[in-house]
Amino acid sequence: MRFRTTSADGTRAVAAALAPLLRPGDVLLLSGDLGAGKTVFTQGLAAALGVVEPVTSPTFTLAQSYQGRMRLHHLDVYRLDNLGEVLDLDLPELLDDDAVVCVEWGEVVIGELPRDFLRVRIRLADPGESPDIRIFEADLIGPSWHDRADSLAAAWHFADSFPVPPC
Ligand SMILES: Nc1ncnc2c1ncn2[C@@H]1O[C@H](COP(=O)(O)OP(=O)(O)O)[C@@H](O)[C@H]1O
Ligand SMILES: [Mg+2]
């Protein structure tokens, strides 16, 4: 699945449109360079899950948990040097918590995931295009995500008109 947004709010709307499809235990891996919009995406998701606290980059805390309609664990593993440190984050416990787990720079943990996951890759548009364009490519890994492919495509098709609470 591939689509684009043209503003940070557009990215929040796309993430918010995903929220109704999420189930406890779901894992989202966000990848893309610094400034791609991984944290912005997580903000939209958190707001749509009913999180009222502001969501900021957890770069210095590595993991931050929020309570909304479901619990949301937000990890940013950018600074981690090796997989051992990721495991020190108690990743297995976070995955077992019936929460949604959203990991920035998520490719680091792919090998540690015991289950299906949704991978969202975010990149900037080509030079010459608007600097606010972001291109999204989503990979649905495993049966639980394949089952939701049609719903997700529909949700993202209408994402532009999806109401997003202010962040
Ligand atoms: N279409 C867009 N989607 C997401 N962010 C955008 C977009 N256009 C501009 N931006 C800006 O890009 C930056 C993305 O930052 P952030 O989400 O912290 O990146 P990351 O977490 O991937 O390092 C923000 O300053 C945001 O306002
Ligand atoms: Mg970030």
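Bear in mind these aren't lab numbers, they're just calculated from the coordinates by the rules spelled out. Since we're looking at a predicted model, the values are computed, not measured. Cβ sites come from the backbone with ideal geometry, for glycine too, and all protein chains shown count toward neighbours.
List of remarks:
- Alpha-carbon centroids, segment 1-33 and segment 98-146: separation in whole Å: 8 Å
- Approximate spin-label separation Phe3-Ser130, in nm, with each point projected 7 Å along Cα-to-Cβ: 1.6 nm
- In the chain, the DSSP beta bridges split such that about 55 percent are antiparallel, to the nearest 5.
- From the Kirkwood radius over Cα pairs of segment 1-65, Stokes-Einstein at 4 °C and 1.567 mPa s returns a whole-number translational diffusion coefficient of 103 µm²/s.
- Cβ-Cβ FRET estimate between Ser65 and Leu21, R0 fixed at 22 Å, reported to 0.05: 0.60
- FRET efficiency for the pair Tyr78 and His157, taken as 1/(1 + (r/R0)^6) with r the Cβ-Cβ distance and R0 = 35 Å, rounds to 0.65.
- D_trans [Stokes-Einstein, Kirkwood Rh over alpha-carbon pairs] for segment 2-159, 4 °C, 1.567 mPa s, µm² s⁻¹: 83 µm²/s
- Among Ile133, Ile122, a tally of other beta-carbon atoms within 10 Å of each Cβ gives an order, fewest to most, of Ile133, Ile122.
- Measuring r between the beta carbons of Ile110 and Ala149 and using R0 = 30 Å, the FRET efficiency lands at 0.95.
- Note on the chain: helix-only mean residue ellipticity at 222 nm, from DSSP H runs of 4+ residues weighted -39500 (n - 2.57) and normalised by residue number, equals -7000 deg cm²/dmol.
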